[in-house]
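Peer 1: Attaching a single structure in structure tokens format; questions to follow.
Just so it is clear, none of the values below were taken in a lab; they were calculated from the coordinates. Just so it is clear, the model here is predicted, and its values are computed rather than measured. No Cβ is skipped: glycine too gets one built from the backbone with ideal geometry, and neighbour counts run over all protein chains shown.
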Amino acid sequence: MENIEGLFGEKDLKQVLYGAVILSSFDGKVHEKEWERIQTFADRHWQSRYGDFLSFQKNLLYDVNQLLGDVSELFIRADSLVEELSVNLKPRQKTVLVELLSEVMPPCGVFGNEDADVLSNILDRLSPEAEEGMNQTV
């Protein structure tokens, strides 16, 4: 993944990181390799003007851990977040997010058909090409 200074504003980056953690936890936990990839992404995009990353990280992990006990709520949050990101992100941001999600969802080795369907749907909704197709039909 490339480092693009200022690609994400604070709100977008926080939502992207929240989404990546939620989506990587579909199998019940965020695995170490998944977290390392998310952390590397955050290190590349987080700017000091966004505040203290460690505080954000602590709150993020607390929120996601609360969701792990309720799979239906986890899916609802993920769906809502993907919808918001698909509307708010620019095509280049979506491309970078899709790259991250492609890296954080599969590594744990528990990538069954249901997970694959969820990932495929998410990637389709976030794809810059989906936005272009929507704009052409309007």
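Peer 1: For the pair E36 and R92, what calculated FRET efficiency results from E = 1/(1 + (r/R0)^6), where r is the Cβ-Cβ distance and R0 = 22 Å, to the nearest 0.05?
Peer 2: Values: r = 24 Å, r/R0 = 1.09.
Efficiency, from the Cβ-Cβ distance: 0.35.
Peer 1: Further question on the same structure: Which order results if Y50, Y18, Y62 are arranged by neighbouring Cβ count within 10 Å, fewest first?
Peer 2: Details: Y50 16, Y18 19, Y62 9.
So the ranking, lowest neighbour count to highest, is Y62, Y50, Y18.
Peer 1: Given C-alpha coordinates of the range 1-76, what is the ratio Rg to Rh with the Kirkwood estimate of Rh?
Peer 2: Working: Rg = 12.6 Å, Rh = 13.0 Å.
So for the range 1-76, dividing Rg by the Kirkwood Rh gives 0.97.
Peer 1: Please identify every one of the GluC sites (Glu not before Pro) in the range 1-66 that sits in a loop by DSSP and has no more than 12 other beta carbons within 10 Å of its own beta carbon. Please report the intermediate quantities before stating the final value.
Peer 2: Working: sites: E2, E5, E10, E32, E34, E36; in loops: E2, E5.
Listed in order of number, the matching sites are E2, E5.
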